[in-house]
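Enquirer: I'd like to ask you about the structure that follows.
The values are calculated or read from the model by the stated rules, or taken from the named source; none is laboratory data. What you see is a predicted model; the values in this text were computed from it and never measured. In this analysis, Cβ positions are derived from the backbone assuming ideal geometry, glycine residues included, and neighbour counts consider all displayed protein chains.
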Amino acid sequence: MKNIMFGDKKNKITDSERSLISETVSIEGTINSSGAIDVAGLVKGPVYSKEIIIRETGSVTGTIEADRVEVHGHLDGKISGDDVIVGATGTVKGDISFANNLKTENGADIDGYIKKSNNSKSKLTGDFLFKKKDKKDVEKENQQETVVNKEALA
C-alpha cells in the first residue's frame, strides 16, 4: 500500500512510522499521531495524524485532521486535510475541507459539503499533537457524561 500520490520522496513515511489498527481492534477515544495510521478496524473519536488511511474494512466515527487522508472504508465525520482521496470503495458522511488536492474515484460515496480551504500550512506539529494539558483541559475531560440507552427506554 505504498501508493504515495501527493508530495515527493522526502515526505514518504516509512513502515516503521506507521501504526495499524487491525480488523480485530476497536478503539474509543482521541487518537494523536505524529506519523501515519492505517485503520482496518473500528475507531470512535477524533483522529489527529500526519497521515491516515481508512482501509476497506475500516470505519471511523469522528473528525479527522491530517495532512493526507485516504478513505477506502467508512467515515462518519468531518475531514480536514491538505490532500484527500476518497477511493472507489470509500464512503464519507460528513464535510470535506482540503487545502491542496482532492481525488474521488469512480464509486466513491460522499454525503456532505466539499470546500477548498486557503490554509495549506499544516497545524499538525509534534507540539500540537502532544502538548501538555493545562488544569482546565483536564477538568473538562474528567467531567462525567450522561449516556442514555435508547433501546432500554423502549
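Enquirer: Tell me which residues, restricted to the range 47-76, are within 18 Å of residue 117 (Cβ to Cβ) and out of contact with any strand residue (DSSP E or B) (no Cβ under 6 Å at 6 or more places or on another chain).
Expert: 63
Enquirer: Could you list, in sequence order, all residues of the range 18-34 that are under 12 Å from the mean Cα position of the chain (by Cα) and either under 13 Å from residue 58 (Cβ atoms) or free of Cβ contacts under 8 Å to residues at least 24 places away in the same chain (or both)?
Expert: Selection gives 30, 31.
Residues are listed down the side, and each one gets a yes or a no for (1) touching a residue at least 24 places away in the same chain (Cβ under 8 Å); (2) in a loop (DSSP other than H, G, I, E, B); (3) aliphatic (A, V, I, L, M):
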site	(1), (2), (3)
48	yes, no, no
57	yes, yes, no
69	no, no, yes
92	no, no, yes
99	no, no, yes
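Enquirer: A further question on this structure: So for the range 131-139 (the condition being under 27 Å from residue 26 (Cβ atoms), modelled with pLDDT under 95, buried (at least 16 other Cβ atoms within 10 Å of the Cβ) and not aromatic (Phe, Trp, Tyr)), does at least one residue qualify?
Expert: Checked against the condition, which is being under 27 Å from residue 26 (Cβ atoms), modelled with pLDDT under 95, buried (at least 16 other Cβ atoms within 10 Å of the Cβ) and not aromatic (Phe, Trp, Tyr), the range 131-139 yields no hits at all.
Enquirer: Kindly indicate whether any position in the range 86-107 is of a type outside the set (Asp, Glu) and at pLDDT below 50.
Expert: no
Enquirer: Take the conditions touching a residue at least 24 places away in the same chain (Cβ under 8 Å) and over 16 Å from residue 115 (Cβ atoms) and apply them to residue 41. Does it pass?
Expert: no
Enquirer: Can I ask one more? Can you tell which of 34, 80 is touching a Ser or Thr at 6+ places or on another chain (Cβ under 9 Å) and assigned to a strand (DSSP E or B)?
Expert: 80
Enquirer: Among the residues of the range 33-60, what is the count of those that are of a type outside the set (D, E, K, R) and surrounded by fewer than 17 Cβ atoms within 10 Å (Cβ to Cβ)?
Expert: Result for the range 33-60: 4.
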